[in-house]
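The values are calculated or read from the model by the stated rules, or taken from the named source; none is laboratory data. Please read all numbers here as calculations on a predicted model, not as lab measurements. We place every Cβ from the backbone using ideal geometry, glycine too, and count neighbours over all the protein chains shown. With ligands, DNA and RNA removed, areas are computed over all heavy atoms of the protein, side chains included. Shrake-Rupley method; radii C 1.70, N 1.55, O 1.52, S 1.80 Å.
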Amino acid sequence: MNSDKEVFYQSEIERLNKIIRVLVDRAEQGINSESSDFSLFQTTITLEEKVRSRTVELKRALDHLANTNEELDSSLSQLRETQEKLIQSEKMAALANLVMGIGHELNTPLGVVVTTASFIRDHCKDLDVKVKNNQLTASYLDSFLTDMDESTSLALKSSEKLKELVSHFQTISVASSASIRESVVLPDLFKELCKSLAAELGVSDVEFVINCKPENLSCRVDVSALVQVFSHLINNALLHGLANSDHKCIEINILKTDGTLRIACSDNGVGIQQEHIDQIFNPFFTTARGLGSIGLGLHIVFNMVHEVLRGSVEVHNGELGGACFTVSFPV
């Protein structure tokens, strides 16, 4: 916008200079001829003074504009520098939260494994002493085997938990280069996905409503990423939002406009508390930790949508009363 003003001021100065030259020429011609009109010369002189005054004003305005431009450039540079510092600060804070969350989640099952291994080692030493001293009894051996069975089962369960956590952590870091697009009929894909997830979770009293415009829409998308994103969203709705609902309903609306695919997943569950909406995609944020949730599902959704699908995901409480997640990405 400032450059437009500079061009205007420069053209105005040139136009006024041309007027001055024309009027001066006419006045001089009038003085040297017998039909000269001195009043025309006086008028020309007056006009010339006005034009010169206007030219000075315009030059001052240009100088002021140049100074303003310098100030704006300086302010813009400072703003960019501040923005970069804020981004770095947010990245470091996010990394710190992620590392702290990983450590917290790994600590419990790892602690169980270490404690169990120590318990087994001590009991084995005790057994060895009793065998060497001929003090082993049938009741002690029976108790020992029972303890070992319980301890190994506990250690295996904690090891499986560790394996699951590591798998989630690996999923957090997704590589966009691994994206493979293929053509798929979206309503059919979501029908099969909803059916398989309901069967996997043993949920039979849920109604799935799938709306698509246009009908039988076919697109080239990363099917693996899309399935993973909406598997997390539907699982989240079934396990948390709809856990205590008498009539469970999940509605999926698919719309393609101007090369952008928008897929909204809504449920009629309890919804999300307003104070939690800004934290919902943070790693390890969950309101159901006591039920075994570790709070990585929606963080994985966020990463998948942004890094693989190159889109965005938004959340709010929808018309059905529950949560509504809207995923948008180019196709």
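Structure notes:
- Considering residues of the stretch 237-250 that are open to solvent by 50 Å² or more (accessible area, probe 1.4 Å) and touching a residue at least 24 places away in the same chain (Cβ under 8 Å) only, the residue farthest from the chain's Cα centre (by Cα): His247
- Looking only at residues in the stretch 321-331 that are farther than 16 Å from Ile254 by Cβ and crowded, with 17+ Cβ neighbours inside 10 Å, the one that is modelled with the highest pLDDT is Ala323.
- Any hit, the stretch 274-296, residues being out of contact with any Pro (no Cβ under 9 Å at 6 or more places or on another chain), more than 22 Å from Ile102 (Cβ to Cβ), surrounded by fewer than 21 Cβ atoms within 10 Å (Cβ to Cβ) and among the aliphatic types (A, V, I, L, M): yes
- Restricting the stretch 115-132 to residues that are in contact (Cβ under 8 Å) with a residue 12 or more places away in the chain and of a type in the set (A, V, I, L, M), the residue that is farthest from Ser151 (Cα to Cα) is Leu127.
- A Cβ distance below 7 Å, combined with a sequence gap of six or more or placement on separate chains, defines the contacts here; from the stretch 150-166, residues that are closer than 14 Å to Gly111 by Cα reach residues that are polar (S, T, N, Q) and part of a helix (DSSP H, G or I) in the pairs Ser151/Thr116; Leu154/Thr116; Ala155/Thr116.
- All of (1) touching a residue at least 24 places away in the same chain (Cβ under 8 Å); (2) over 16 Å from the mean Cα position of the chain (by Cα); (3) open to solvent by 30 Å² or more (accessible area, probe 1.4 Å) hold for Ser231 with one exception: (3).
- Scanning the stretch 267-283 for residues that are in contact with a helix residue (DSSP H, G or I) (Cβ under 7 Å, 6 or more places away or on another chain), closer than 30 Å to Arg181 by Cβ, touching a residue at least 60 places away in the same chain (Cβ under 8 Å) and outside any loop (DSSP other than H, G, I, E, B) turns up nothing.
Here's the yes/no breakdown for (1) hydrophobic (A, V, I, L, M, F, W, C); (2) under 19 Å from Ser231 (Cβ atoms); (3) in contact with a Leu (Cβ under 7 Å, 6 or more places away or on another chain):
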| position | (1), (2), (3) |
| --- | --- |
| Ile254 | yes, yes, yes |
| Val313 | yes, yes, no |
| Leu320 | yes, no, no |
| Cys324 | yes, yes, no |
